[in-house]
1. Would you mind classifying segment 5-69 by shape? Square roots of the alpha carbon gyration tensor eigenvalues, ordered a ≥ b ≥ c; an a/c under 1.5 is rounded, otherwise it is prolate if a/b is larger than b/c and oblate if not.
2. Counting helices only, and only those DSSP H runs with n ≥ 4, report the 222 nm mean residue ellipticity of the chain as the sum of -39,500 (n - 2.57) divided by its residues, in deg cm²/dmol to the nearest 500.
3. Find how much the distance from Asp51 to Gln34 grows on full extension, using 0.36 nm per residue of separation minus their present alpha carbon separation; answer in nm with one decimal.
4. Quick one: angle between helix 121-133 and the longest Cα principal axis of the chain, in degrees between 0 and 90, rounded to 10, please.
5. Of all DSSP beta bridges in the chain, what percent run antiparallel (nearest 5)?
6. By how many degrees, 0 to 90 and rounded to 10, does the Cα axis of helix 85-94 deviate from the longest principal axis of the chain?
7. Working from Cα positions, state the angle (0 to 90°, nearest 10) between the long axis of helix 162-179 and the longest principal axis of the chain.
8. Give or take rounding to whole Å, what are the principal axis extents of the alpha carbon atoms in the chain, in descending order?
Amino acid sequence: AEKKIGILVGSLRKESFSKKTAHFLIKNAPAGYQLELIEIGQLPIYNQDFDEEGSPAEYKPFRDKIKTLDAVIFITPEYNRSVPGVLKNALDVASRPYGESSWDGKPALVVSTSISNISGFGANHHLRQSLVFLNMPTLQQPEVYIANIQNLFDDNGKLTNAESAKFLNDVLAAFLAFADKF
Ligand code: FNR
């Protein structure tokens, strides 16, 4: 059967470069793997009271969806040197109720993006910190930091930078081989 790989993007922006990167990977997925964008912008801000009093309707389908995945790819910009709140919220939502985390054991890839040279290092490593606790085995090498990402796409959102396209395809192959081991 096809393996299911979810992609979570840490930006809700229509013209998000991180989202364009996700679409590049989806288009370039090798046979046998189904890559799918998982929406997170609809999730209300997590409140621990929900675990006792009932959760917003959006939570269950999201948690169930994550549970069906064989692996997870995170593609995120950096906001104020850390993970954007919308992505952290999604991590928190599917980590609960306590003992029922949807993330447990799922292999993960972290891709950070930035319009500057520093390439989202802070977000990349803050995200890795959460993935340690969530027990998600995470690809260590190659690390994926995409700097000056605004220069990689054409006006139609197509990734036209050949070097970056090759790098991302190599990363995807390395990650899928890694994920297959779990
Ligand atoms: C940013 N940006 C940014 N960039 C960066 O490299 N480090 C940072 O700490 C921040 N901080 C930050 C905070 C906030 C609130 C915003 C809105 C933006 C700039 C960021 O890299 C740029 O907006 C990207 O285009 C966002 O990614 P998407 O939406 O294109 O995927």
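Only the coordinates and a few stated rules stand behind these numbers; no lab work does. Since the model is a prediction, treat every value here as computed from it, not as a measurement.
1. Numbers: a/c = 4.30, a/b = 1.74, b/c = 2.48.
Oblate, since a/c reaches 1.5 and b/c is not below a/b.
2. Only helices count here, giving -11000 deg cm²/dmol.
3. Roughly 2.9 nm would be gained on extension.
4. 40
5. Values: 2 of 22 bridges.
Bridges in the chain are about 10 percent antiparallel.
6. 50
7. Here the helix axis deviates by roughly 40 degrees.
8. 51, 38, 27
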